[in-house]
1. Among (i) 22, 47, 24, 5, 1, 0; (ii) 21, 53, 22, 3; (iii) 24, 59, 17, 1, find the value of P(r) over Cα pairs in 20 Å bins from 0, in percent that was calculated from the structure presented, and write down its label.
2. Report ³J(HN,Hα) in whole Hz for each residue of segment 94-103, in order, from the Karplus equation J = 6.51 cos²θ - 1.76 cosθ + 1.60 where θ = phi - 60°; Gly and Pro get x.
3. On the accessible surface of the chain, probed at 1.4 Å, how many percent belong to carbon and sulfur atoms?
4. Placing unit charges on C-beta atoms (Lys and Arg positive, Asp and Glu negative, everything else neutral), compute the dipole magnitude of the chain about its Cα centre in debye, rounded to 20.
5. Starting at the first residue of segment 415-420, write each ³J(HN,Hα) from the Karplus equation 6.51 cos²θ - 1.76 cosθ + 1.60 with θ = phi - 60°, in whole Hz, x for Gly and Pro.
6. Check each of the GluC sites (Glu not before Pro) in segment 63-109 and keep only those in coil by DSSP with at most 13 other C-beta atoms within 10 angstrom; list them in order.
7. Count charges around residue 107 for me, please; just the other residues with Cβ under 13 Å from its Cβ, Lys/Arg as +1, Asp/Glu as -1.
8. Just want to confirm a number: the relative contact order over the chain, from Cα pairs under 8 angstrom separated by 6+ residues, in percent.
Amino acid sequence: MKLNYKIIFHFFGLLCLFNGGFMLLSTIISFIYKDGATLEILSAGLIVLVMGIIAMLVTKNHKKELDKREGYIVVAFGWIVMALTGTLPYLITGTIPSFTNAFFETMSGYTTTGASILNDIEVLPEGILFWRSMTHWIGGMGIIVLAIAILPLLGIGGMQLFAAEAPGPNADKLHPRITDTAKRLWLIYFGYTAAETILLQVAGMNFFDAINHSLCTLSTGGFSTKNASVAYWNGQPVIQYIIIVFMFLAGTNFVLSYFAFKGKVQKAIRDEEFKLYFKFIALFTIVAAFIIYFNADFSLSSIDHPMVLGKAEASFRHGLFQVIAIVTTTGFVTADYTMWTPFLLVFFFGIMFLGGSAGSTSGGVKVVRHMIMIKNGFLEFKRALHPNAILPVRYNQKAVSGDIVFNILGFFILYMLSFIVGALVFSMFQIDFESSIGLSASSLGNVGPALGDFGPVNNYSALPSLAKWWSAFLMLIGRLELFTVLILLTPFFWRNR
C-alpha cells in the first residue's frame with residue numbers, strides 16, 4: 001500500500017501553523033519588553049505561518065485515515081519539521097548565528113532535554129528567551145498527546161498500559177474521543193503552568209522569570225533565564241520548593257492528574273507506577289541528603305553556605321531537588337552535584353536511566369517499564385521452579401499480555417544498545433570516557449546536564465559540530481521512544497505492500 005503523502009504534509013503544515021503562532025506570542029513578549037528583536041521574531045513567525053498555510057492548502061484534498069506507517073512518519077519527521085522551523089528566531093535575530101548551534105538548541109528545546117550551547121543566557125533578548133522556553137512547553141504538550149493518543153496506535157513500548165484508562169484509538173484512524181482527551185490533558189498542563197507562575201511570583205520571582213521557569217518545569221525541560229539556573233535563587237528556598245512540587249507533578253502520568261481533578265483521588269494514589277515513582281524519589285532523596293550532609297564539600301559545590309535555614313534543611317532541599325530534577329529529566333540545577341563525592345556522581349548518573357512516569361512529559365526509560373521488568377524477573381525464578389504454571393505479570397491488578405512484556409524488554413535492550421553506541425560515537429570525537437557516557441545518557445534520556453566537561457555548571461558549546469548533530473539525534477530518538485524513529489531506518493518500512 002502506497003503512503004498517503006498528502007495527509008503527512010497536511011500534518012506538517014498544521015505543525016508549522018502551531019509553531020508560527022507561538023512565535024507571534026514571543027513577538028508580543030519582545031514588544032512588551034522592548035528588547036530590540038520584535039521585527040526579527042515577527043518575521044520568523046510570519047515565514048513559518050506562510051509555510052504552514054501553503055502546505056495545508058496544497059494538501060487539503062487528502063484522505064482522512066492515517067495508517068501506522070504514516071503515523072510513524074508524522075511523529076518522527078514532524079519533530080524535525082518543528083526543530084528546523086524553530087531555528088528561525090535564533091538565526092534571524094543573530095542570537096545564535098550558526099545553523100548547527102541553532103538546530104541543537106531548538107531540538108534540545110522541543111525534546112525537553114534542556115542542554116544548551118549558550119554561554120551567556122542573560123544577555124539574550126526577552127523575546128528569544130521566551131521562545132526558547134516556549135519550545136520546551138510545545139514539546140511537552142506534544143509528548144502528552146503522543147503518549148495518550150499516537151503511541152498506543154503504533155504499539156510503541158508498552159504505552160498501552162497506562163493509556164488503557166484513557167479514551168484511545170482502536171483502529172488505524174484517529175478516534176474522535178482522542179481529541180477530547182487531548183483537550184482535557186492540555187487544560188491540566190496549562191493550569192499547572194499558570195498555577196506555578198503565580199506561586200513563583202508570590203515567592204519573589206519577577207513575572208518574566210516566573211513564566212519562563214513554569215514553561216520549562218511542566219515540560220520537564222530545564223532551560224532557565226539565568227546562567228546559574230535555579231541556583232540563582234539558592235537564598236530563597238521557597239522558590240526551589242515550588243519548582244520541586246511542579247517537577248514532581250510534571251513527572252507524574254497526566255491521566256492520574258485528570259482522575260484526581262475528577263474526584264477519583266484514590267484511583268490516582270493506588271496506581272502502582274505512581275506509588276513506585278514516589279518511593280523511588282523518597283528513597284533516593286534520603287540517600288542523597290544523608291551523603292550531602294555528612295560528606296559534600298559545600299564550598300566546592302556552590303551550595304548556599306551558611307544556609308538560610310540550616311545545614312540539614314539545605315542538604316535535604318538540594319538532595320530532593322537534584323533527585324527529582326534528574327528522575328523527571330527536568331535538568332534544573334541548584335549546585336554542581338559532580339562535586340558531591342564520587343558515590344553521588346555515579347548515583348545521579350544511574351538515575352538518569354530511570355525516567356518519570358509514562359504519560360508524563362519526562363524522558364528516560366520510564367518507571368512503569370522498570371517495574372514490569374523487575375516483576376517479570378522475579379517471576380522467572382518461580383517459572384524455573386514451576387515450569388508448567390501460568391504466572392502472568394500483573395499491573396494494577398490486571399494481567400499484562402506477553403506481547404507488552406516482550407515489547408518492554410525489547411525497548412530496554414534497544415535503549416541500552418543506543419546508549420553504548422551513543423557513547424562510542426562521542427568518544428570518536430576525542431571526548432573522554434566520563435564525558436562520553438554522560439553525554440550519551442543525558443542526550444538519550446533528555447536530562448540536560450551530563451558529566452565531566454559537560455556537567456551541570458558547563459554547557460554543550462565545546463562539543464564539535466558533528467557531535468552536536470549526534471547529540472540532537474539521540475535526543476530525538478530518546479524523546480520519541482526509540483522505535484518511532486529507528487523503524488524509519490529499516491529498508492522494509494519503505495517497501496510498498
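1. Evaluating P(r) over Cα pairs in 20 Å bins from 0, in percent on these atoms matches (iii).
2. Each residue's phi maps through the Karplus curve to give x, 5, 10, x, 7, 5, 4, 5, 5, 5 Hz.
3. Numbers: 13970 of 20210 Å².
The C+S portion of the solvent-accessible surface of the chain is 69 percent.
4. Computed charge dipole of the chain: roughly 2000 debye.
5. Taking θ as phi minus 60°, the curve returns 5, 5, 5, 4, 4, 5 Hz for segment 415-420.
6. Working: sites: 65, 70, 105; in loops: 65.
Taking segment 63-109 and a limit of 13 other Cβ atoms within 10 Å, the loop GluC sites (Glu not before Pro) found are 65.
7. Working: positive: 132, 468, 479; negative: 105.
So the environment of residue 107 carries a net charge of +2.
8. Numbers: 850 pairs, mean separation 82.7, N = 497.
17 percent.
The values are calculated or read from the model by the stated rules, or taken from the named source; none is laboratory data. Predicted model only: the values in this text are computed from it and were never measured. For neighbour counting, all protein chains shown are included, and Cβ atoms are generated from backbone atoms with ideal geometry for every residue, glycine included. Ligands, DNA and RNA are excluded from the accessible area calculation, which covers all protein heavy atoms including side chains. Shrake-Rupley method; radii C 1.70, N 1.55, O 1.52, S 1.80 Å.
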